[in-house]
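Below you'll find the structure, written out as structure tokens, and then a few comments.
Only the coordinates and a few stated rules stand behind these numbers; no lab work does. Worth saying up front: this structure is predicted, and the values here are computed from it rather than measured. Glycine gets a Cβ as well: all are built from the backbone with ideal geometry, and neighbour counts include every protein chain shown.
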């Protein structure tokens, strides 16, 4: 009986201890998981062992995972950022340009591509207003000597055919002259001139503006000779505008020197040199030199235009404007060729008048939309050949007279502009054949060269 009592007492004691341990675990709401040893097949739930005992058995390098109670955690004082993100508070306190380590350099990011402008905060990019121009002289005569340093260079800046500025300089040892502070904001076109052995050589550059502020212009220069080359007129075009008060004519000539030396002509008895001579037709009045001539080296006589300017290799272009008398609604243009001519064309409005051509053949009629133009042509003409265009039945009224006080050069420029516009329309309506024959004639009109008279 005593043995039964003792057994019952032990069982009761164990039940009390178990109940107390279970109640303690419920109050703490913590389940302790024993870490898995390398030879264990699954984790063992230490349900009967005290928490401190189980934790002390865990390896020092293995943290003991716990499962927190479902109560919401307290809110942090500041928002929690993802791991590795820079501290925003520190970034806000940093001054401009002091970025976190490893951040791209914003000053480098703001640099534009080559040739651009650096944008400023809150403003658009500013256009480039100042440019640079370099002029290089190139010796173009075979086996010619190097161009010496100190050779004079002049640059003229044009806008809308008006000269805005003029710069002077000299070639350096490399044959280059540099001009800075070129005002390119509004767009200017440079005309570079190199004076070598007393001869001026010119080259027109491209327009310089805010998107093309820098440029190099190459000017070909040549050795000089007094020996006359076998020069010829590659192309000659005549624009006729007959009216009841007179017939206005503009001649455009492309003169070729086929050698690689500048022909300066031989000195005459007066010590002056003469190269090319252009005789206007008989009866011509109000002769105006509208392009290609330089006032230093040309003179107009009663029956000819005498040019003492050196004839440089390649093509030189000239323009002459004059009037022919009209009597009884008739006018006549008679030409004597000063040199061999490769191609010659004459243009006459198809206004109901009658044209009789001698030495030229009819080429057809070009419809320009606002009127028709007849053109006549000839090729491979020898020096001294005679050509005639007789126009009768003229009924067109005269063009408005020039205003009082207008200069000869201004009148020539106005006439050139009017006839050149008509010439361009003729080319557009005449077809590919005429354009091929004319070649680069319109380059004369677009050149920024000054009209010398």
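Computed extension gain for residue 383 through residue 210, at 0.36 nm per residue and net of the alpha carbon distance, reaches 57.3 nm. Where a ≥ b ≥ c are the square roots of the eigenvalues of the C-alpha gyration tensor, would you call region 190-240 rounded, which needs a/c under 1.5, or, failing that, prolate if a/b is larger than b/c, or oblate? Because a/c hits 1.5 or more and a/b fails to exceed b/c, region 190-240 counts as oblate. Put a dot 7 Å past the Cα of residue 186, heading toward its Cβ, do the same for residue 224, and the two dots end up 3.8 nm apart.
Annotation: for a label point projected 7 angstrom from Cα along Cα→Cβ of residue 267, residues of region 174-208 with backbone N closer than 16 Å are 198-199.
Footprinting exposure proxy ranking of 184, 365, 298, fewest other C-beta atoms within 10 angstrom first, gives 365, 298, 184.
Label separation (residue 134 vs residue 274): 4.5 nm, computed from points 7 Å beyond Cα along the C-beta direction.
Averaging the sequence gap over all C-alpha pairs within less than 8 Å and six or more residues apart, then dividing by the number of residues, gives region 130-221 a relative contact order of 38 percent. Projected label points at residue 178 and residue 334, each 7 Å from Cα along the beta carbon direction, are separated by 6.2 nanometres.
Relative to the current alpha-carbon distance between residue 160 and residue 358, full extension at 0.36 nm per residue lengthens the span by 67.3 nm.
Determine the shape class of region 130-221: with a ≥ b ≥ c the square roots of the Cα gyration tensor eigenvalues, call it rounded for a/c under 1.5, and otherwise prolate if a/b is greater than b/c, oblate otherwise.
Prolate is the answer for region 130-221, as a/c is 1.5 or above and a/b outweighs b/c.
Based on the mean of other Cβ atoms within 10 Å per residue, sort peptides 196-204, 309-317 so the most packed one is first. Please list the in-between numbers first.
Values: 196-204: 16.8, 309-317: 20.2.
Descending packing order for the listed peptides: 309-317, 196-204.
Averaging sequence separations of C-alpha pairs under 8 Å and six or more residues apart, then dividing by the length of region 237-321, give the relative contact order as a whole percent.
39 percent
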